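Just so you know, all these numbers are worked out from the coordinates, no wet-lab data involved. As the structure is a computational prediction, the values presented were derived from the model and not from experiment. Cβ placement follows ideal geometry from the backbone for every residue including glycine, while neighbour counts extend to all protein chains displayed.
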């Protein structure tokens, strides 16, 4: 058995190790990766609040935006917004969104590739899949310019 003093030291050591691990795991993240992760967090929070309009603010507001889903390609920001609103008309279909980011890869100083998993927990049945995103830094903001979700 350990004495109370030894247990306290062990507890403090474990806490210290956890803090070091957390610091090291976020240390290698670039400012651009942090910004992109923040964009993804905005998406989750907006979606889970039932706010598709705010969710779509993370996309480039251009006719050049490309969204590819199970029904094929959709071109343009407004068309993508309309697609989301038609496919997810209420809280039951929207559910609770979560992402698991698998890879963030810089392609250039103003382009990033993101691979991840999405999951909707819903009362009408959970769904999920994978996505690839192309982010572009436009006027200092990282925005989605292409989205392939399946």
One quarter of the convex hull surface, Cα atoms only: what value does that give for the range 35-150 in nm²? 6.5 nm²
Once you place label points 7 Å from the Cα toward the Cβ at residue 124 and residue 35, how far apart are they in nm? 3.7 nm
